[in-house]
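Here's the structure we're looking at; comments come further down.
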Amino acid sequence: MSAGGSVNPLRQQMINMMYLVLMALLALNVSADILKAFALVNKGLEKTNVDYAVKTGLTMESFQKIYELDRAKAQHNYDNAKNAKIESEMMYNYLQTIKQLFANRCGGWLDETKTTIEDDKNLETSTHYFLKEPENATKHHGSILRDSLKAYIAKMQSFLDNPNAVPIKIDVNDPPRSKEGDQKTWEEYYWEGVPSIAAVTELKKFQNDIRTAEGEVTSYNLRAVGAEEQHFNSLIAMVSSETPTVSAGQTYKADIVLGAYNTTVTPRIEVNGNMLSKIEGGVGKYETTASGQGEQQIKVKIFVKNPKTGKDTFYTTSTTYQVFTGGATISADKMNMLYIGLDNPISAAAAGFTPAQTHVSTTGGGSWRPDPSTKGPGHYILKPDGSAREITVKVSVTMSDGSTKQMGQQVYRVRPVPHPEVLFGTKTGGAISRGEIATVSMINCGLGAGFAFEGLKYLVNGYTFAIAPKSGPAHFLPVTGNRITPECRNFLAQVHTGDFIIIANVSVTGPSGKLVLSGPTLTVK
């Protein structure tokens with residue numbers, strides 16, 4: 001129901017038709033399927049009642065704006081609309097109270113939706129409650145309810161300048177005589193011998209009638225004070241989705257409507273605080289370069305002139321879209337490997353989902369934490385402890401309905417770090433000339449050029465230096481640090497062809513802690 005409009009007649013006719021079909025089936029047979037159908041109708045009526053209340057509230061918001069512009073003219077009809085709301089709330093709540101008391105008689109509601117009751121097929125409860133209680137009273141609950149509905153109709157008609165301008169479609173009359181000439185009262189027609197779930201549906205239907213009447217009377221009074229009426233000359237089919245980005249298995253939801261606009265009127269349109277410059281035939285054309293990552297919001301405010309007051313009226317809405325970084329994922333299937341004791345960097349994300357919606361977990365031995373060296377989300381450090389030969393990294397997301405869905409996983413093999421090698425300068429052993437010896441200034445340690453792991457370093461803490469001449473005694477020197485000391489340099493200056501240079505007991509500190517390694521043996525050439 002738009003501002004100044006009425007409730008959707010087609011939807012109301014559909015609800016009424018479903019109701020009449022069920023009542024006709026009820027007269028033929030009380031089966032489990034029919035009882036279940038009543039519960040489904042109850043659910044539909046409950047949602048419709050909520051929708052009507054929201055839409056009437058929006059109409060009253062529009063009415064409030066009209067009233068503030070011209071109180072003198074709008075006062076009478078505005079008061080009528082407010083009083084219609086008060087009377088409708090009182091009548092709706094009265095029916096709600098009856099419904100709750102009746103449900104208690106039938107064992108209570110079956111679940112929190114309050115669409116069906118425990119004892120749903122009892123044929124006596126409705127008869128006794130509405131036609132026989134209170135006992136020894138001149139009027140029973142059914143008659144009291146009928147009188148209350150009649151009084152409500154009269155009240156609502158009093159809020160119309162013409163009592164017949166809006167039909168208040170609430171049945172309070174006795175039904176026609178049957179073919180056999182029998183005449184039932186209104187109370188007998190609605191409440192005698194019906195299953196208890198059908199009685200609940202009747203009460204919900206009357207609540208639906210109340211919401212409908214409230215909306216009709218409110219809209220009538222709004223129109224009566226000349227509410228703004230925008231004129232349209234073009235229609236367009238529109239789809240608005242609350243889930244613009246979905247993955248397989250996720251539910252796609254959209255509102256599909258027939259929109260109206262005026263090609264001869266150029267509205268002013270504001271998008272995220274900036275006025276839109278491109279408007280063609282009454283339609284705003286918005287473009288922006290996507291930036292950031294995840295969900296982005298667009299807030300829109302559309303200004304149009306009120307035909308009556310000449311002043312701007314604005315309408316607001318908003319929508320969202322998802323931004324994700326496009327790209328290709330390329331990996332060597334047989335090289336997915338993690339190294340024990342090292343900070344292995346891992347990147348994980350789910351395209352189309354924000355970092356807040358994305359969750360990354362691992363199975364297997366090791367520690368797992370966000371990578372502090374990066375500025376963005378989706379980067380982690382995985383440090384295996386060697387207790388498992390494989391580690392699985394899993395990515396899951398939180399869907400729009402709150403459920404969790406796994407998006408993918410990757411299995412990594414866990415391997416120890418290769419044994420580091422000690423270098424005399426750049427040599428790991430073999431022959432070395434006296435010219436090369438003169439250029440060596442330190443003992444190095446690493447994994448070699450074949451193992452490329454950024455930031456992986458080994459620090460030489462000390463080593464044993466030895467010279468084994470081709471003839472004569474060997475010389476041994478313990479050295480602290482990784483430098484070639486002057487004392488070592490003196491021995492190196494005296495070597496001859498065939499002598500051996502030995503680096504042994506090399507103490508190093510690496511990513512996994514301290515190690516003692518064997519060093520190279522070199523032959524002077």
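Just so you know, all these numbers are worked out from the coordinates, no wet-lab data involved. From a predicted model like this one, the values you see are computed outputs, not experimental measurements. All Cβ positions, glycine included, derive from the backbone under ideal geometry; neighbour counts span all protein chains shown.
Worth pointing out:
- For the stretch 392-401, putting each phi into the Karplus relation 6.51 cos²θ - 1.76 cosθ + 1.60 with θ = phi - 60° gives couplings of 9, 9, 10, 10, 10, 9, 8, 7, 5, 8 Hz, in residue order, rounded to whole numbers and with x for Gly and Pro.
- In percent, rounded to a whole number, the relative contact order of the stretch 345-436 is 25, using alpha-carbon pairs under 8 Å and six or more apart.
- Stretch gain in nm, segment residue 312-residue 43, where the contour uses 0.36 nm per residue and the Cα spacing is subtracted: 92.8 nm
- Contour excess over end-to-end distance, with Cα ends at residue 363 and residue 53 and 0.36 nm allotted per residue: 106.5 nm
- Unsatisfied cross-links (Cα-Cα over 24 Å) in the set 114/155; 427/470; 73/301; 155/305; 47/169; 155/311: 114/155; 73/301; 155/305; 155/311
- Point-charge dipole on Cβ atoms (K/R +1, D/E -1) for the stretch 421-524, about Cα centre, debye to 20: 100
- Amide H to amide H distances under 5 Å link residue 517 with 506, 507, 508, where only residues 5 or more positions off or on other chains count and H is placed in the peptide plane.
- Point-to-point label distance, residue 86-residue 135, nm (Cα→Cβ direction, 7 Å offset): 4.0
- Contact order for the stretch 421-524, expressed relative to its length and based on alpha carbon pairs under 8 Å spaced 6+ residues apart, stands at 34 percent.
- Rounded, prolate or oblate (a/c below 1.5 giving rounded, otherwise prolate when a/b exceeds b/c) for the stretch 179-225 by Cα gyration tensor: oblate
- Phi angles of the stretch 297-303 translate, via the Karplus equation with coefficients 6.51, -1.76, 1.60 and θ = phi - 60°, into HN-Hα couplings of 10, 10, 9, 10, 10, 10, 9 Hz per residue; Gly and Pro are given as x.
- Here the 3J(HN,Hα) profile of the stretch 406-419, calculated from phi with Karplus coefficients 6.51, -1.76 and 1.60 at θ = phi - 60°, is 7, 9, x, 8, 9, 9, 10, 7, 9, 9, x, 5, x, 5 Hz, Gly and Pro shown as x.
- Under 5 Å between amide hydrogens, built in the peptide plane, is the criterion, and for residue 117 it picks out 110 among residues at least 5 positions away or on other chains.
- For the stretch 375-519: rounded, prolate or oblate by the Cα gyration tensor [a/c cutoff 1.5]: prolate
- Relative contact order (%) - criterion: Cα under 8 Å, at least six apart; region: the stretch 123-186: 19
- Residues whose amide H falls under 5 Å from that of residue 399, counting only those 5 or more places apart or on a different chain, are 404, 405, with hydrogens built in the peptide plane.
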